[in-house]
Amino acid sequence: MQKKYLYGLFALPVILAACQKHYISEPSQATEAALVAQSYANGLSAEIDIDYRKAFYNLKRAYHYCVAFSTNDNLVYTDNKLENFIEMGTIFTRNQDGRYLSKVTVEGLRDKKTRLTLFLPNDFKYPKSRFKDDIQWALGKDKRCNTAWNP
């Protein structure tokens, strides 16, 4: 019993550190228009096999658990909107100054086919890696970020 307890104490910091790479509050842009206009590769986009509503809710949950955070000095929060009448969902991340860190959109293309587009500042470190994360989050395949309980 004591060995299991000690293992848990050592495993917890590793789990927490794994998600910390998403906790950033810079680089940013002052407006949504500036973020989109000056985004890495004019936005990274892919078609994924999932309904846009399900992708939106999966992303919303993942952003809540693995992107949004607050400390004494920094804050990152999400703002989101699902517009069923145009089959589109949008999630923004913004920092404590209201500046835009990212924008992700999901657009329904046809039955269970969605276009995911991620806009990140041009000087964002590792944008392709973050894009891969967003795809996994949209598909609900990241056990760390898509679950109700997140250590």
Non-local residues with an amide H under 5 Å from the amide H of C145, with H modelled 1.01 Å from N and Pro and chain starts lacking one, are none
Protection proxy ranking of 100-113, 56-69, 33-46 - average other beta-carbon atoms within 10 Å, highest first: 56-69, 100-113, 33-46
In nm, to one decimal, how far is the V36 label point from the D111 one, both placed 7 Å along Cα→Cβ? 3.1 nm
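Throughout, read-outs are computed from the coordinates displayed, never taken from laboratory work. Bear in mind that the values here come from a model prediction, so they are computed numbers and not experimental data. Note that each Cβ is placed from the backbone with ideal geometry, even for glycine, and that neighbours are counted across all protein chains shown.
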